[in-house]
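The values are calculated or read from the model by the stated rules, or taken from the named source; none is laboratory data. These numbers come from a predicted model, not from an experiment. All Cβ positions, glycine included, derive from the backbone under ideal geometry; neighbour counts span all protein chains shown.
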DNA sequence: TGACATTGATCAGTATGCTGAATATCAGTA
DNA sequence: TACTGATATTCAGCATACTGATCAATGTCA
């Protein structure tokens, strides 16, 4: 039997663990307080103003119940605004606030630095390969997770 | 700025998300009820009977506070036994039960099938490359996480 | 139009993961 | 031996993630 440390599933957990730690460290050093998940949500709303929660979840492959808490915390921080849609009273339309825009712009260099740090053991070619292989594996496994990616266009 | 879907951190989260979903699905289909984390702990205790919780956490890179809950749930399921150490009354010695051994043996085929499923989009060479690159990136980033891997030998 | 399925959001419950603090114990030393 | 620092575990609290259920609103189709 293979050892744990050779199993893709275990390596996935470890790499994610390191990625989150690096992200939080770089972001905190830059003077911000935002989690990777919150950053992804902020970025997606910034690019898609007026989006509803389910569509947002699909864009970044979040679970629909997870997104509620994430959005709520971003709202509490004053980075996102949430209001009932006029077209569909079930839905809440999300928009980024001016404060949210400012944070998003300010935090981005730290986020990009974190991406480099978490791959610091790899050459540039290896890093590219890893990203490509992950993308390929994820694309093939997308519909195996409860929260598959759903592009806005496909909806 | 890079899009989220090209960032290693985001890909790490997505791949881990799929890996967990695949693991749980394969394991459930085989008639078992065990999470990836619980499986890793069970495997480590099986290979290291009498281990204490902190050392166990180091072997599989768990946070020390996370391991407590994991071990407790495995104990409730009757798969692990926990008892005070005679040499050090602070520590709890962990051993696998006969039921735990049976589950561990029975579940392993499903766990290995899950590893294949989560890489189903990759060729055999690509899968090997991905594992290798993840291992390299993890080794370099190991001490960046709060719960770095600590081999028993190093302790 | 009215029954029905669908959809957006929320809630309860469970399982990771982390921070920081508390508690008990151990080990080394003055 | 008393003190000090280190260590093993636990606890409180917060933030993902998921399952399954509920609720309100919408859309569809006979």
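State all residues of the stretch A:67-87 that are over 24 Å from residue A:105 (Cβ atoms) and free of Cβ contacts under 8 Å to residues at least 12 places away in the same chain; if no residue qualifies, say none.
Quick first cut of the stretch A:67-87, residues over 24 Å from residue A:105 (Cβ atoms) only: A:68-69, A:84-87.
A:69, A:84, A:86, A:87 - these are the residues of the stretch A:67-87 that are over 24 Å from residue A:105 (Cβ atoms) and free of Cβ contacts under 8 Å to residues at least 12 places away in the same chain.
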**Q.** Residues (assigned to a loop (DSSP other than H, G, I, E, B) and either touching a helix residue (DSSP H, G or I) at 6+ places or on another chain (Cβ under 6 Å) or facing chain B (nearest Cβ under 7 Å) (or both)) located in the stretch A:3-25
**A.** A:7
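Every residue, every condition in (1) surrounded by 20 or more Cβ atoms within 10 Å (Cβ to Cβ); (2) more than 10 Å from every other protein chain (Cβ to nearest Cβ), yes or no:
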position	(1), (2)
B:58	yes, yes
B:63	no, no
B:79	yes, yes
B:89	no, yes
B:98	no, yes
B:109	no, no
B:114	yes, no
B:129	no, no
B:136	no, no
Q) Among the residues of the stretch A:121-128, is there at least one that is within 30 Å of residue A:31 (Cβ to Cβ), within 11 Å of DNA strand D (Cβ to nearest atom) and more than 16 Å from the chain's Cα centre (by Cα)? A) no
Q) Residue check, residue B:28 against (1) within 24 Å of residue B:119 (Cβ to Cβ); (2) away from chain A (no Cβ under 11 Å); (3) surrounded by 23 or more Cβ atoms within 10 Å (Cβ to Cβ); (4) within 11 Å of DNA strand D (Cβ to nearest atom), all met but one. Which one? A) (3)
**Q.** Of the criteria (1) closer than 20 Å to residue A:14 by Cβ; (2) touching a helix residue (DSSP H, G or I) at 6+ places or on another chain (Cβ under 8 Å), which one residue B:65 fails
**A.** (2)
Q) Out of the residues in the stretch B:31-47 that are within 11 Å of DNA strand C (Cβ to nearest atom) and either at pLDDT below 95 or not in a helix (DSSP H, G or I) (or both), which is farthest from the other protein chains (Cβ to nearest Cβ)? A) B:33
(Q) Based on this model, can you work out whether residue A:85 counts as near DNA strand C (Cβ under 9 Å from one of its atoms), away from chain B (no Cβ under 14 Å) and at negative phi? (A) yes
